[in-house]
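Peer 1: I have a structure here, written as structure tokens, and I will follow up with some questions on it.
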Amino acid sequence: MPRSPSPSSRRPLPALLLPALLVLAACGSDPSSSAGDGAPASAGNAFPVTVSSDAGEVTLDERPEAIVSLSATATEMLFAIGAGDQVVAVDSTSDFPAEAPTTDLSAYTPNAEAIVGYAPDLVVLSDDISGIADALETLDVPVLLLPAVDDLSGSFEQMRVLGEATGHSEGAVDVQEDVQERIDAAVASVGDSAQGLRVYHELDPSYYSADSSTLIGSVYGLFGLENVADGASGANDGYPQLSAEYVVGQAPDLIVLADTVCCAESAATVAARPAFDTVPAVQQGRVVEASDDVASRWGPRIAEFAESVATALNG
């Protein structure tokens, strides 16, 4: 199974299964710090409020105080914007931040009765698996469906929605501004030096990758990098499966590994692959060992990912 998000034990899966699983939580955890847990509600957040998501409009009469998140990315967003103290349960893949109340709730096989057992006044999903959104709404549980996005504006829009829904609009704006400023600074630090360089993003050792139509691909575009996955045939909704021969032939100047936690890939294991010692990225030491989670979720830590790319390009 390719990266971006996948179960804690990752194995290559048939390509037809990939798009549905890509929106679920990534495996592994990262020691980065979180922000905003327990912060007061933002000024000016009067209730009731009506917000929209892929599940339609939902009106919240009062600030939700028992939120259940079945989305690892939404969990990160909720804590970052200051709504952490309102979260009572998160799914088994929501491993960041450390204080998130992780449970055995499954984002892959969601069960309405198990979710309702936490008496939620708001449930946040990243995917409507098995009609779970309708099942919860039938039980009068408000639902926000916030699927994977393909650019930064989509990520920021989800933060805005969560901010309004939880009473933390100002916190959401603060996080958006911080993420944007950090990404802008990372890109500026590289300048024009990366223009035209080629990047290969690895989701798993079977050479699934991410092209420029994805969120991670859009980050590479900010640096002026050319994505080797863009020229692949048989693309799978932005996540084509390449081959070792194809990658070597594309001669990437930068390799980013998003399979370091799941699959123990590293700069050393890549260099040991047949013919990879001829690849410029390997020869020049430009192999980024990224956190699987940071490279697969579309929350605030995308800024951390951009900074790691800038460090490799500047190094």
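Nothing in this text is a laboratory measurement; each read-out follows from the coordinates by a stated rule. From a predicted model like this one, the values you see are computed outputs, not experimental measurements. Backbone-built Cβ (ideal geometry, glycine too); neighbour counts: all protein chains shown.
Peer 1: How do 84-92, 294-302 rank on mean C-beta neighbours within 10 Å, highest first?
Peer 2: Descending mean neighbour count gives 294-302, 84-92.
Peer 1: Can you order the peptides 246-252, 121-127, 236-242 by their average number of other Cβ atoms within 10 Å per residue, highest first?
Peer 2: Output ranking for 246-252, 121-127, 236-242: 121-127, 236-242, 246-252.
Peer 1: How far apart, in nm, are the 7 Å Cα→Cβ label points at Ala264 and Glu307?
Peer 2: 3.0
Peer 1: Now for a different question. Rounded to the nearest 5, what % of the DSSP beta bridges within the chain are antiparallel ones?
Peer 2: 25
Peer 1: If each of Glu157 and Asp140 carries a label point 7 Å out from its Cα toward its Cβ, how far apart are those two points in nm?
Peer 2: With each label placed 7 Å out from Cα toward Cβ, I get 3.2 nm.
Peer 1: Between Gln284 and Glu245, what FRET efficiency comes out of the Förster formula 1/(1 + (r/R0)^6) with R0 = 35 Å and r the beta carbon distance, rounded to 0.05?
Peer 2: 0.95
Peer 1: Let me ask something else. Modelled label-to-label distance, Glu65 and Arg273, 7 Å Cα→beta-carbon offset: nm?
Peer 2: 5.3
Peer 1: Antiparallel as a % of all DSSP beta bridges within the range 36-135, to the nearest 5?
Peer 2: Expressed as a percentage, antiparallel bridges in the range 36-135 total about 40.
Peer 1: Also, quick follow-up: If a/c stays under 1.5 just call it rounded; otherwise compare a/b with b/c (prolate if a/b is bigger, oblate if not). Do that for the range 186-314, with a ≥ b ≥ c from the square roots of the Cα gyration tensor eigenvalues.
Peer 2: In terms of gyration-tensor shape, rounded.
Peer 1: Using modelled amide H (1.01 Å from N, peptide plane; none on Pro or chain starts), what sits under 5 Å from the amide H of Glu65, excluding residues fewer than 5 places away?
Peer 2: Under 5 Å from the amide H of Glu65 lie the amide H atoms of Asp121, each far enough along the sequence or on another chain.
Peer 1: How many Å³ per residue does the convex hull of the Cα positions in the chain occupy?
Peer 2: Measuring per residue, one finds 114 Å³ for the Cα hull of the chain.
Peer 1: What angle, in degrees between 0 and 90 and rounded to the nearest 10, separates the Cα long axis of helix 152-166 from the longest principal axis of the Cα atoms of the chain?
Peer 2: 20
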